[in-house]
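The values are calculated or read from the model by the stated rules, or taken from the named source; none is laboratory data. Nothing here was measured: the structure is a model prediction, and the numbers come from that model. Counting neighbours? That spans all protein chains shown, and the Cβs are built from the backbone with ideal geometry, glycine included. The area values use the complete protein model at the heavy-atom level, side chains included, leaving out ligands, DNA and RNA. Shrake-Rupley method; radii C 1.70, N 1.55, O 1.52, S 1.80 Å.
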Amino acid sequence: MDKPRQKSPATALPPATIDMIGEDLLFNVFSKLPAVDCAAAACVSRSWNVTITRLLSLPKLSSAVSLNPSLQVAVNDVIDKVLACPIRPQFVIASIGPAFDLDEAHRLIAGRFGSQIPVITSISQGIFGQNATTNEFEEVQWDTFDDDDEAHADLGNEIHGALLTVGFLPGLAIDLIPLSKTLNKFQGNQVLMIDDLVLSVRERSSSRSGSASPVGILLFSDEETDIKFVLEKFDYAFSTETVIVGDGGSQFLYRGETAINPSNNKAASSAAVVLLFSRDRGKPPGVGETQFHIMLSTGISSIGPTYKAVSVRGRSRDYSTWLTAKREAVHGSLDGQTILDQIYDELGGHNNCPVLYIGVTKRRKCSIGQEKPSWISTHEFHEVLSGDEEYLYVHGVGIRSGDSFRFYHASSDLARASCNTVANNFRHLKQLLNYERDDHTNSNGVATHKKPVFGGIMFACCGRGKLFFGEPNVDGSPFLEKFPGVTFSGTYCTGEIARADLCSYEQGSQEHSSISCNLHVFSTVYLVMSYTPPLPQH
């Protein structure tokens, strides 16, 4: 008789763990975590650490706006919002309303980020970005002017608010370098150490990337600093591929790994600060590259003939220039009143006169340190103050006898048309970044390689906005419409920095492309960030 067959013991199943759901699903789960929780999860296991490291290696720009009247609450709102998703902060840029204390705001914001992360906090003329509470896009201008109360009634009386932008840009190393100033003992004035700044940027960029010209420079200037001279040196010193943008006139504080501006003390503060973006030759394998793209919407139109400065008196005491001029091919110099009468006639009379500027083309020798000087040509704008039977009075210095200039006036129609042009350029950029190549093929055998846009930052003139256009969000609409869902933020400022040339304002000969124009008026500057993923490993 056969013996009954014995049942074999059941094979024990391994305990179910979250790792069994697969790396891609884990990736999606981790991408929904706040930044702090994601960092903690990376410490749980080796496999989680690998997945989260891949997640944190992707490009990220995160920003938020709060209009809460409490500084503490506003800061908490924007920080909690930008850190509500995984991000490895490389830099922090904050803008606050004039009702908030700059020292306290900077202390609160810098205290929430690591000591090695560069932080710049500034007081701006307004902010725009996604509201931390409603997720709606907000455009807010603050009425910081004492005159013309009726014209600024639509801006409201609130002058509080905060904008925070935090970024991680793969393939780039980021440094903060201040522009120092020293006292001239003989003349009793402050001297900007511009050559030292240029040399520091070259040295830092070379050590990071092997190239003396960085990928990009984000520049913040003190409101009392004439940043034109800095931009002139930057344009001379760095490759045309270096993108230069920023705010040409604000109050700011900063903190970097080796640079700290401790308080809002003008006697001890720096004249400007550079956020430097260099190609990182030490980046880990499997990391792509970040690219910068710049667009400019102009808002001024030239009017009248070309003049040439004859008698010029620069006055450092009130930072103005008194000058007479003559029209090209016409003998005899003209006083300020005669010149303005000619311009007013073309504008339709004194009652129709908007804000006027002169755009002066200057040809100067430029050098850095002991280098041999070279000739450069720049186009710089000076606001017209007034004119009488002796002189034309303009803001700023640096004009010389023989410099040629034209008049410009602000035009909302031209600015709106320029925004439409920017929108078309964004459409072309989007097509270009989604181009086809030979080194990648999809399932249909078609070669493709996409470079997504992941963020944008905008600097707009405080003279634009709702009062200028008659409706809000005109400046922001080109980016928001062409790149929906992509992080976008910016500030209103009193000097828009963007590396460009005279072709942005004057249609004409190829000669205009060799005349740089880097500080603008009534304009909006768009800095767009795209990402090139690494080539797949075969």
**OP:** Can you tell me which residue within segment 421-451, out of those that are touching a strand residue (DSSP E or B) at 6+ places or on another chain (Cβ under 9 Å) and assigned to a helix (DSSP H, G or I), is modelled with the lowest pLDDT?
**Re:** L433
**OP:** Filter segment 388-409 down to residues that are open to solvent by 20 Å² or more (accessible area, probe 1.4 Å) and in a strand (DSSP E or B), then give me how many there are.
**Re:** 5
Original post:
Taking segment 58-117 only, how many residues are without any contact (Cβ under 8 Å) to a residue 12 or more places away in the chain and under 18 Å from F252 (Cβ atoms)?
Top reply: 2
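When you scan segment 202-247, how many residues do you find that are part of a strand (DSSP E or B) and among the charged types (D, E, K, R)?
Initially, segment 202-247 is screened for residues part of a strand (DSSP E or B), giving 216-222, 243-247.
Next, only the ones that are among the charged types (D, E, K, R) stay: 222, 247.
Going through segment 202-247 one residue at a time, the tally reaches 2.
Every residue, every condition in (1) open to solvent by 10 Å² or more (accessible area, probe 1.4 Å); (2) modelled with pLDDT under 90; (3) part of a loop (DSSP other than H, G, I, E, B), yes or no:
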| site | (1), (2), (3) |
| --- | --- |
| E481 | yes, no, no |
| P484 | yes, no, yes |
| S489 | no, no, no |
| A500 | yes, no, no |
| Q507 | yes, yes, yes |
| S513 | yes, yes, no |
| V525 | no, no, no |
| S530 | no, no, no |
| L535 | yes, yes, yes |
**OP:** Scan segment 60-107 for residues that are under 30 Å from Q291 (Cβ atoms) and among the hydroxyl-bearing types (S, T, Y) and jot them down.
**Re:** S62, S63, S95
Original post:
Exactly one of (1) out of contact with any Gly (no Cβ under 7 Å at 6 or more places or on another chain); (2) closer than 30 Å to V397 by Cβ; (3) modelled with pLDDT of 95 or more is unmet by V243. Its number?
Top reply: (1)
Original post:
In this structure, does Y254 turn out to be open to solvent by 50 Å² or more (accessible area, probe 1.4 Å) and at pLDDT 95 or above?
Top reply: no
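Based on what the data block shows, is D475 at pLDDT 95 or above and closer than 17 Å to V525 by Cα?
Yes.
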**OP:** Could you tell me which of the residues I227, I217 is under 13 Å from L275 (Cα atoms) and touching a residue at least 60 places away in the same chain (Cβ under 8 Å)?
**Re:** I217
**OP:** Tell me which residues, restricted to segment 307-333, are within 32 Å of the chain's Cα centre (by Cα) and touching a residue at least 40 places away in the same chain (Cβ under 8 Å).
**Re:** G314, R315, S316, Y319, S320, T321
